[in-house]
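Just below is one structure, and these are the notes that go with it.
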Amino acid sequence: MNIKTLGAAVPESAWFKSSYSGGEGGECVEVAAAGGAVHVRDSKTAAGPALTVGPEAWAGFLAMAVERLD
């Protein structure tokens, strides 16, 4: 896992907001799959740091999150 500022490494068009982000704009997470990794950032600070994980780690995180929702 890495936390770093990505700059131009991930194109803006690759980012999308979580479907669970509220419409008020206060708690938005954006995700991008690029360069063989999954990048996660806070939409309020798009130029700030992003969390970068491998696809397997991201899939494991999503599986755990879905289990907790059930």
With (1) surrounded by 12 or more Cβ atoms within 10 Å (Cβ to Cβ); (2) small (Gly, Ala, Ser); (3) farther than 16 Å from residue 62 by Cβ; (4) at pLDDT below 85 as the list, and residue 8 as the residue in question, which single condition is left unmet? (1)
Tally, over region 35-48, of residues that are closer than 15 Å to residue 9 by Cα and at pLDDT below 90: 4
Considering each of 22, 60, 26 in turn, give the residue that is at pLDDT 85 or above and loosely packed, with under 13 Cβ neighbours inside 10 Å. 60
Anything in region 29-57 that is surrounded by fewer than 14 Cβ atoms within 10 Å (Cβ to Cβ) and basic (Lys, Arg)? List them, or say none. 44
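The values are calculated or read from the model by the stated rules, or taken from the named source; none is laboratory data. Note that the structure is a prediction, hence the values are computed from the model and not measured. Note that we place each Cβ from the backbone using ideal geometry, even for glycine, and neighbour counts take in every protein chain shown.
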